[in-house]
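Enquirer: Dumping the structure here so I can ask a few things about it.
What follows is calculated from the coordinates using simple rules that are stated; it is not laboratory data. Model, not experiment: these values are computed from the prediction. Quick reminder, even Gly has a Cβ in these numbers, built from the backbone with ideal geometry, and neighbours come from all protein chains shown.
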Amino acid sequence: MGFFKRNHRIAVVLFSILFFIPPSFLHATEYYAFRLTGSDCTPCHTNPQTGSLNQTGTLYQEEGYRYPFTGKGIFLYCLWGLPLLFIIFGFYRRYRLWRLGKVEGKWNRWKERWKSLTLYGLGHRTIFRSPFPGMSHLLLFWSFIVLGLATLMIIVHEYLFLGLLGIRFIDSETYPYLRLFLDFFGGIGWIGTILLTYRRYLQRPKALDNQWTDAISLALLFLLFFTGFSVTGIRNHLYQSPFSSWAPIASSLSSIWTKIIQEENTLRIIFTILWWTHLLLSFFLFSYVSFSRLLHLYTSPLSIFFRNMEPKGALPKMDLDATETYGVGRIEEFTWKHLLELDACTRCGRCQETCPAHLSGKALNPKRVVQNLKHHLETVPQKIGEREIIHQVVTEEELWDCTTCRNCLEHCPVFIEPMMKLMEFRRNLVLNHGKIPRETHFAFRNIERKGNPWGFDLEKRMWWTKDLGVRQISPGEKVDLLFWVGCYGSYDDRNIEVATSLIHILNRAGADFGVLGSQEWCCGIDLRRMGSEYLFQVNVKKNIDLLQQVKFQRILTTCPHCFNTLKNEYSQFGVRWEVIHSTALLDELIQQGKVEFQSERKGIPVTLHDSCYLGRYNDGYEPPRRILGTLSDLILLEMKRSREKGFCCGGGGCHMWMEERTGRRINQMRVEEAERTGAEILVTVCPLCLISLDSALRVLNLDDRMRVMDVLELAAKRIRT
Ligand code: SF4
Ligand code: SF4
């Protein structure tokens with residue numbers, strides 16, 4: 001069943017709206033033609049002072065010209081059918097490709113979807129994170145929208161109001177403002193085109209790859225604006241329009257033309273040439289849309305509209321019993337939305353320029369993955385055996401390079417999800433072919449058997465909490481805060497210190513909390529990121545059984561990875577509970593006045609490393625910063641890449657268990673960035689970041705200049721007793 005079958009009416013309406021824009025643009029061009037063929041041109045040829053028509057206006061009125069009842073008007077309308085056919089044919093080709101994908105229910109949450117389209121589509125919210133390209137694109141984008149709507153209004157006026165009802169709202173009073181409006185928005189579109197050309201061909205950022213289709217699209221747009229303004233300006237000059245001054249850009253351009261060509265007959269010939277050039281360029285541009293990068297004019301809004309609305313941190317749940325093949329190994333195993341995304345990619349390179357794997361010189365480049373998949377989709381081989389993606393389109397090395405940092409998703413302006421595609425490939429490789437990187441075998445096996453990646457005895461889990469007198473909760477008992485200590489907090493020495501700091505803070509604040517002790521089991525997040533959905537689900541069920549035996553108000557955790565999966569992924573299995581990260585809880589305790597701090601030294605420079613799973617996945621940027629702000633002896637120096645632009649520590653997506661064989665080490669790149677701030681302490685909020693960055697610091701011999709500490713350790717040391 002195709003995805004449009006059920007909701008074809010909505011789809012048709014949506015597409016009609018989108019399709020309507022080019023015809024109205026076409027009409028914009030034709031609007032110039034009306035003036036030639038002789039439509040109702042009287043507003044433009046009426047003297048605003050006297051209200052009387054000038055010579056041209058009188059001529060038009062006397063001859064009673066009204067398009068499209070002139071031969072030329074009919075001819076032009078027929079001619080416009082051609083690019084329209086190209087557009088429809090081009091879209092039909094793409095639609096057929098998207099239909100290769102599996103059904104995926106996206107016909108819900110309409111309010112949020114329209115809001116997304118408004119914010120991220122019309123408002124360019126993500127694009128604006130890079131101000132220069134963001135502004136350039138916005139100018140061109142809004143020029144298209146406004147000119148399209150304005151010409152739509154003209155059509156309605158000419159055909160409906162004036163043509164059928166005899167009502168005129170574009171007259172000599174309002175026309176000048178319309179003229180100015182069109183001139184202004186044409187101008188910003190032209191400027192936008194020039195700025196985009198400047199960036200692509202003079203600034204030449206690494207993120208952009210130049211293809212001939214980019215040059216053609218920009219050249220077409222530039223010439224379209226140029227000829228449009230020239231035609232308007234020369235026409236106003238030739239027909240002595242009293243409103244020339246209301247079209248300053250067109251008039252300025254026309255004054256250049258009239259300086260070069262003073263002879264009126266020659267100017268008329270130039271005008272005719274420009275007019276036809278403008279018309280043919282518009283034909284070509286709109287015919288070209290669905291065969292070029294300009295296709296994103298339609299596919300990007302669709303991708304935004306149908307974006308993934310699940311929690312940011314959740315990978316989709318697989319129904320293991322109902323599935324014959326797992327993950328994605330062939331193009332038709334993607335959903336239609338994944339395939340639509342391939343067409344929505346604008347090749348802007350934002351994913352590439354923020355991807356730690358790419359920046360550290362690994363094989364993976366998310367933009368290239370998307371583009372290669374698009375190419376594969378366009379040339380779907382006839383033979384099933386040749387449709388395999390892994391090895392033919394994406395290498396194993398590429399898909400294991402991903403640290404799941406979520407940068408590519410966060411910065412893609414049109415909500416394309418390269419990481420999700422890589423995770424589907426991992427699932428396919430692991431569940432269908434049993435292939436995982438060799439060095440991760442032990443972690444898999446240990447989690448399966450012992451509930452932790454190192455294979456430590458269960459009895460040794462949280463052994464240290466007993467010495468601190470932490471309450472261990474038994475089935476049926478109740479507690480306010482269930483402290484989920486996690487594998488790192490339970491077994492890793494450095495993270496035991498962090499967990500101890502939290503316990504110290506909780507005791508100081510008089511919180512009612514407890515731990516599960518040796519009963520706790522790995523939350524399974526890395527199993528899922530590794531592609532082993534089966535083992536992940538086994539872990540989830542085991543933990544849910546355990547957690548349902550005790551009563552608590554909130555689950556508290558220091559690990560953003562545990563936090564993310566307990567909060568966003570366990571809910572896929574029918575449980576609802578509140579999960580809080582230790583930074584948010586400490587922030588809360590500070591606000592409530594339950595903990596206070598004292599400081600000795602002043603002005604210790606620190607920098608904060610944002611954890612991907614706390615920040616980008618769960619928007620937890622502010623609590624750690626507020627806590628650091630409360631510790632009055634510390635001065636926070638932000639790194640160049642912070643908050644949503646934060647750079648990964650290199651440990652996510654199971655990379656704590658994998659070797660980095662190619663390129664630079666991601667953790668070392670991050671430590672070097674931290675060191676450039678001049679900070680003495682690199683503050684972390686995640687056990688994996690703490691281990692990963694601490695090890696890089698030692699390898700780089702920077703440990704005499706800087707220390708890595710969790711924010712909880714800093715707070716616990718300064719707590720007022
Ligand atoms: S999630 Fe991070 S590492 Fe993976 S492809 Fe995206 S940006 Fe690159
Ligand atoms: S996937 Fe998104 S961010 Fe990456 S190049 Fe395509 S549009 Fe740009």
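Enquirer: Based on the Cβ-Cβ distance from Ile604 to His375, what FRET efficiency comes out when R0 is 41 Å, to the nearest 0.05?
Expert: Efficiency, from the Cβ-Cβ distance: 0.20.
Enquirer: Shape of the range 554-676 from its Cα gyration tensor (a ≥ b ≥ c, root eigenvalues): rounded if a/c is under 1.5, otherwise prolate when a/b > b/c, or oblate?
Expert: oblate
Enquirer: Go ahead and estimate [θ] at 222 nm for the chain from helices alone: -39,500 (n - 2.57) per DSSP H run with n ≥ 4, summed, over the residue count, rounded to 500.
Expert: So the calculated ellipticity at 222 nm is -16000 deg cm²/dmol.
Enquirer: I want to check the label-to-label distance for Glu332 and Lys460. Put each point 7 Å from Cα in the C-beta direction and report it in nm to one decimal.
Expert: According to this spin-label approximation, the distance is 5.2 nm.
Enquirer: Tell me which of Thr557, Cys649, Cys522 sits at the most positive position along the dipole axis of the chain, charges placed on C-beta atoms (Lys, Arg +1; Asp, Glu -1).
Expert: Sorting the options by dipole projection puts first Cys522.
Enquirer: Next question, about the same structure. Sort 503-511, 367-375 by packing, meaning the average of other beta carbons within 10 Å per residue, with the highest value first.
Expert: 367-375, 503-511
Enquirer: Quote to one decimal, in nm, the extra length available between Leu82 and Leu149 on full extension: 0.36 nm per residue of separation minus the C-alpha distance between them.
Expert: 21.9 nm
Enquirer: Right, another one. If you place +1 on the Cβ of every Lys and Arg, -1 on the Cβ of every Asp and Glu, and leave all else neutral, what size is the dipole of the range 304-435 about its Cα centre, to the nearest 20 Debye?
Expert: Rounded to the nearest 20 debye, it is 320 debye.
Enquirer: Looking at Phe334, Gly349, Ser303, which one has the Cα that reaches farthest to the positive end of the dipole of the range 301-400 (charges on Cβ: Lys, Arg +1; Asp, Glu -1)?
Expert: Final value for the positive-end residue is Gly349.
Enquirer: Still on this structure, please answer the following. For the range 597-664 and the range 173-201, what is the separation of their C-alpha centers, rounded to whole Å?
Expert: Going from one Cα centre to the other spans 43 Å.
Enquirer: Next question, about the same structure. Just to verify a number: FRET efficiency for Leu202 and Arg676, C-beta to C-beta distance, R0 = 35 Å, to 0.05?
Expert: 0.75
Enquirer: Turning to a different aspect of this structure: Under the rule a/c < 1.5 gives rounded, and otherwise a/b versus b/c splits prolate from oblate, where does the chain land using the Cα gyration tensor?
Expert: Prolate.
Enquirer: Contour minus end-to-end for Thr395 and Ser632, with contour as 0.36 nm per residue of separation and end-to-end as the Cα-Cα distance?
Expert: 80.3 nm
Enquirer: Residues in the range 400-425, backbone N under 19 Å from the label point at Leu122 (7 Å along the Cα-to-beta-carbon vector): list them, ranges by number please.
Expert: Only 414-415 fall inside the zone, counting backbone N under 19 Å.
Enquirer: In addition: Can you list residues from other chains, or at least 5 along the same chain, whose modelled amide H is less than 5 Å from the amide H of Thr677?
Expert: Under 5 Å from the amide H of Thr677: no residue qualifies.
Enquirer: Next question, about the same structure. For the chain, give me the percentage of DSSP beta bridges that are antiparallel, rounded to the nearest 5 percent.
Expert: 10 percent
Enquirer: Shape call for the range 401-486 from the C-alpha gyration tensor, a ≥ b ≥ c root eigenvalues: rounded (a/c under 1.5), prolate (a/b greater than b/c) or oblate?
Expert: Because a/c hits 1.5 or more and a/b fails to exceed b/c, the range 401-486 counts as oblate.
Enquirer: Considering amide H positions built from the backbone, and no H for Pro or chain starts, which residues 5 or more places from Val479, or on another chain, come under 5 Å of its amide H?
Expert: Residues meeting the amide H criterion: Lys551, Phe552, Gln553.
Enquirer: Given a Förster radius of 22 Å and the C-beta distance between Arg707 and Arg508 as r, what FRET efficiency does 1/(1 + (r/R0)^6) yield to the nearest 0.05?
Expert: Once rounded, the FRET efficiency stands at 0.40.
Enquirer: Now a separate question. Applying the Karplus parametrisation 6.51 cos²θ - 1.76 cosθ + 1.60 with θ = phi - 60° to the phi angles of the range 283-292, what ³J(HN,Hα) value in whole Hz is obtained for each residue in order, glycine and proline being reported as x?
Expert: 3, 5, 4, 6, 6, 7, 3, 7, 10, 9
Enquirer: Loop-only check: which trypsin sites (Lys or Arg not before Pro) in the range 649-690 are DSSP coil with at most 12 other Cβ within 10 angstrom?
Expert: Qualifying residues, ordered by number: Arg661, Arg676.
Enquirer: If I model a spin label at Lys551 and Arg494 as a point 7 Å from the Cα along the Cα→Cβ vector, what separation in nanometres do I get?
Expert: Placing both labels 7 Å beyond Cα along the Cβ direction yields 4.1 nm.
Enquirer: For the residue pair Arg129 and Phe284, what label-to-label distance in nm results when each label sits 7 Å from Cα along the Cα-to-beta-carbon direction?
Expert: 3.7 nm
Enquirer: Please sort by residue number the trypsin sites (Lys or Arg not before Pro) in the range 531-583 whose DSSP state is loop and whose Cβ has at most 11 other Cβ atoms within 10 Å.
Expert: Taking the range 531-583 and a limit of 11 other Cβ atoms within 10 Å, the loop trypsin sites (Lys or Arg not before Pro) found are Arg576.
Enquirer: Taking chymotrypsin sites (Phe, Trp or Tyr not before Pro) as candidate sites, keep only those in a DSSP loop with at most 15 other Cβ atoms within 10 Å, then name the longest stretch of the chain containing none of them.
Expert: 170-453
Enquirer: Dipole magnitude of the chain about its Cα centre, charges +1 at Lys/Arg Cβ and -1 at Asp/Glu Cβ only, in debye to the nearest 20?
Expert: The dipole of the chain has a size of about 480 debye.
Enquirer: Between the alpha-carbon centers of the range 498-534 and the range 455-492, tell me the distance in whole angstrom.
Expert: Value for the Cα centre distance between the two parts: 8 Å.
Enquirer: DSSP loop (so not H, G, I, E, B), at most 15 other Cβ within 10 Å: list which trypsin sites (Lys or Arg not before Pro) in the range 229-285 pass both filters.
Expert: Those that pass, being in a loop and sparsely packed, number zero.
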